[in-house]
1. Tell me, which strands (runs of 3 or more DSSP E) lie completely within segment 28-113 with 3 or more residues that are touching a residue at least 60 places away in the same chain (Cβ under 8 Å)?
2. From Leu201, Leu217, Leu224, grab the single residue that is assigned to a loop (DSSP other than H, G, I, E, B) and either open to solvent by 50 Å² or more (accessible area, probe 1.4 Å) or within 17 Å of Val8 (Cβ to Cβ) (or both).
3. Could you tell me which of the residues Val42, Val52, Val95, Val22 is β-branched (Val, Ile, Thr), surrounded by 13 or more Cβ atoms within 10 Å (Cβ to Cβ), closer than 24 Å to Ala117 by Cβ and away from the ligand (no atom under 15 Å from the Cβ)?
4. Taking the stated definitions as given, is Gly158 modelled with pLDDT under 95 and within 29 Å of Cys79 (Cβ to Cβ)?
5. So Thr179 passes all but one of these: (1) under 29 Å from Arg243 (Cα atoms); (2) touching a Cys at 6+ places or on another chain (Cβ under 9 Å). Which condition number does it fail?
6. Select from segment 112-140 the residues that are open to solvent by less than 10 Å² (accessible area, probe 1.4 Å) and out of contact with any strand residue (DSSP E or B) (no Cβ under 9 Å at 6 or more places or on another chain) and list them in ascending order.
Amino acid sequence: MGERTQLVAGNWKMNGLAADGVALARAVAARAAEPHRCDLLVCPPFTLIAAVAEALAGSDVGLGGQDCHAAASGAFTGCISAEMLRDAGCSHAIVGHSERRHTCGESDADVRAKAEAAWRAGLVAIVCVGEIRAEREAGRAVEIVSAQLAGSLPAGTGAAKLVIAYAPVWAIGTGLTATLADIAEIHAAIRRQIPAGTRILYGGSVNPRNAAEILALPEVDGALVGGASLKAEDFWAIAQAAR
Ligand code: 13P
């Protein structure tokens with residue numbers, strides 16, 4: 001199998017009203033008309049998916065949801081199914097983001113069920129893992145991430161429908177990034193647990209200044225970008241840093 005094309009994915013989190021979201025998506029689509037070496041994806045809040053799909057039409061920028069429910073439909077007030085994401089134009093769904101694991105109490109089993117739901121709907125699941133600061137300081141990062149992966153990946157995992165995002169919790173939104181050596185170590189450990197060819201993204205305070213050195217690591221297949229994905233020029237600068 002040839003080298004894995006890097007994926008630069010923007011997770012907009014709970015940011016953007018209609019006007020900002022559409023303007024951001026249009027600006028990303030306009031940039032993406034220029035030559036680029038990586039695949040591009042944006043994951044807006046649910047309320048903006050339809051409008052962003054329209055703004056991205058004709059571009060090669062993909063669209064993802066930030067979460068999905070495990071069920072296809074039913075009495076789950078406030079939730080969105082993978083089938084709904086697919087219907088709205090998404091190709092990907094982020095599952096198990098630490099902001100959901102830690103603020104919504106999602107377990108590995110929940111994340112596994114959501115990844116299965118994404119596949120059932122024909123979406124690629126972006127499964128997130130990452131240790132908290134105390135686990136890193138205790139020297140347990142590899143162990144924690146390996147256990148999360150073992151619990152969060154459904155059986156029958158295939159590289160075409162799976163992306164892993166290593167996003168250490170202490171590096172998210174803090175301006176702190178893992179060292180290059182730590183990123184390389186964790187990505188290599190993840191690599192041993194997943195099907196050949198699966199892409200592994202790094203996430204956690206990726207910005208235009210640190211993107212090139214992170215994306216140059218051989219085990220890093222892209223970035224899951226939070227804050228810096230809210231500015232088209234920063235997101236584009238990160239994309240331009242892809243190998
Ligand atoms: P920041 O890039 O804002 O640290 O967020 C990272 C992240 O959580 C990606 O999903």
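1. Counting at least 3 such residues, we get 39-43.
2. Answer to the selection: Leu217.
3. Numbers: Val42 fails: away from the ligand (no atom under 15 Å from the Cβ); Val95 fails: away from the ligand (no atom under 15 Å from the Cβ); Val22 fails: closer than 24 Å to Ala117 by Cβ.
Answer to the selection: Val52.
4. The answer is yes for Gly158.
5. So the condition that Thr179 fails would be (2).
6. Passing the criteria: only Glu131.
The values are calculated or read from the model by the stated rules, or taken from the named source; none is laboratory data. Predicted, not measured: the structure shown is a model, and the values here were computed from it. Every residue, glycine among them, receives a Cβ derived from its backbone with ideal geometry; neighbour counts consider all protein chains shown. Just so you know, the surface numbers come from the protein's heavy atoms only, side chains and all, with ligands and any DNA or RNA stripped out. Shrake-Rupley method; radii C 1.70, N 1.55, O 1.52, S 1.80 Å.
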